[in-house]
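Okay, structure first, notes after.
Rule-based calculations on the coordinates, nothing more; no lab input. Worth saying up front: this structure is predicted, and the values here are computed from it rather than measured. Heads up, the Cβs are rebuilt from the backbone with ideal geometry, glycines too, and the neighbour counts pull from every protein chain shown.
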Amino acid sequence: MTAPARGRQRLRFYVSANGPEAMRSQVTGLEIPGVLWRRDPQGARLPLVLDSPHSGSLYPDDFAYRCPLAVLRRAEDAYVDELYEAAPAFGATLIGALFPRSYLDPNRAPDDLDPALLTGPLPSFFNPRPVTRVGLVRRHALPGVPIYDGKLSPDDVLARIERYHSPYHNVLDDACERLHAEFGAVWHINCHSMPSNGSPRDGHGDFVLGDRDSTTCAPEFTDFVARFLRGLGYDVRINEGYKGVEIIRRQGRPAENRHSLQIEVDRSLYMDQRTLHRLPRFDRLRADLTHLVQAIGEFIRARLRS
């Protein structure tokens with residue numbers, strides 16, 4: 001068995017536009033079918049990248065899950081990509097996964113893997129080390145509800161890393177690197193949603209901002225986002241339960257002017273968590289997050305001028 005190769009995916013570049021204002025409203029970007037999409041900035045570009053790694057809902061044909069799909073889908077950060085869909089109109093780059101996190105989690109390190117999940121040993125170049133509770137490939141859809149009826153082959157897991165995990169990080173890394181090279185700084189927002197029962201007893205508020213205890217972005221960035229959301233009437237917590245995992249750990253190096261912040265939003269604010277249907281207040285939340293992105297753009301412009 002050899003180390004997984006990279007770069008075999010078929011890339012699809014596209015330009016789409018509708019209506020007579022096509023030249024002003026065109027959308028450009030990149031797509032790797034079944035894996036991810038990237039929407040590029042419209043108009044003046046900013047060193048701002050947003051990514052939604054858990055909103056994918058295209059289930060691969062080789063995903064041999066045995067639990068009910070309705071249960072499995074509860075792992076999705078459903079519609080999070082849509083909540084931030086206006087970001088390119090304000091100069092940001094927006095990236096989203098198409099595959100589900102229950103198949104493979106791009107917000108986990110590739111070696112965050114339980115060897116007991118596998119039918120045999122991995123090759124010598126790959127040393128799995130379970131780090132997080134869920135890991136790269138999760139075992140259960142819910143506590144006591146296994147996803148698979150057996151173990152997975154090492155070849156299967158390595159193929160998932162090659163086809164899904166590596167391209168996702170390659171595209172995200174490339175976007176951040178290019179903008180950092182151009183502007184000397186880059187700001188990145190890792191977009192998520194968190195489950196709740198819609199009760200104050202959940203204790204995590206409406207939003208949780210994670211910067212891994214002020215290690216992945218300058219505190220002023222976290223504080224700015226928190227103040228803005230609180231100004232809209234939301235209950236915002238910082239590093240309470242959701243500090244951020246692999247993606248902001250990789251992207252956040254504030255000493256190099258690379259700032260990465262995770263934003264978790266309570267799902268009960270915008271969708272029915274049982275049916276996954278949007279609630280009427282979805283539009284209000286989307287509008288508020290559009291205003292947040294616009295405000296972050298002004299924050300960045302001010303920092304670039306200083």
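Placing a label point 7 Å from the Cα of Ser306 along the Cα-to-Cβ line, the residues of region 248-269 whose backbone N sits under 19 Å from it are 253-261.
Take the Cβ atoms of Arg133 and Asn239, set R0 to 22 Å, and the FRET efficiency comes out at 0.80.
Considering only beta bridges that DSSP places wholly inside the chain, some 50 percent are antiparallel. With contacts taken as Cα pairs under 8 Å at a separation of at least 6 residues, the chain carries a relative contact order of 19 percent.
Evaluating 6.51 cos²θ - 1.76 cosθ + 1.60 at θ = phi - 60° for every residue in region 96-112, the Karplus couplings come out as x, 7, 9, 7, x, 5, 5, 7, 6, 9, x, 8, 10, 5, x, 9, 7 Hz, glycine and proline recorded as x.
Residue ranges 129-142, 59-72 sort as 129-142, 59-72 when ordered by packing (mean number of other C-beta atoms within 10 Å per residue, highest first). Put the Cα centre of region 52-121 next to the Cα centre of region 232-270 and the gap is 18 Å. Each peptide in 165-177, 46-58 was scored by the mean count of other Cβ atoms within 10 Å over its residues; highest first, the order is 46-58, 165-177.
Beta bridges assigned by DSSP with both partners in region 141-284 are antiparallel in approximately 35 percent of cases.
Residue order for Thr28, Thr93, fewest other beta carbons within 10 angstrom first, comes to Thr28, Thr93. Calculated [222 nm] ellipticity per residue, helices only, for the chain: -7500 deg cm²/dmol; basis is -39500 (n - 2.57) per DSSP H run with n ≥ 4, divided by all residues, nearest 500.
Applying the Kirkwood pairwise sum to the alpha-carbon positions of region 203-277 produces a hydrodynamic radius of 12.9 angstrom.
Over all projection directions, the Cα-based convex hull of region 204-246 averages an area of 2.8 nm². Compared with the rule-of-thumb size 2.2 N^0.38 Å for a compact globular protein, region 12-305 has a Cα radius of gyration ratio of 1.00. For region 135-288, the alpha carbon convex hull comes to 151 Å³ per residue, rounded to a whole number. Available extension along the chain between Asp272 and Arg74 is 70.2 nm, counting 0.36 nm per residue and deducting the alpha carbon span.
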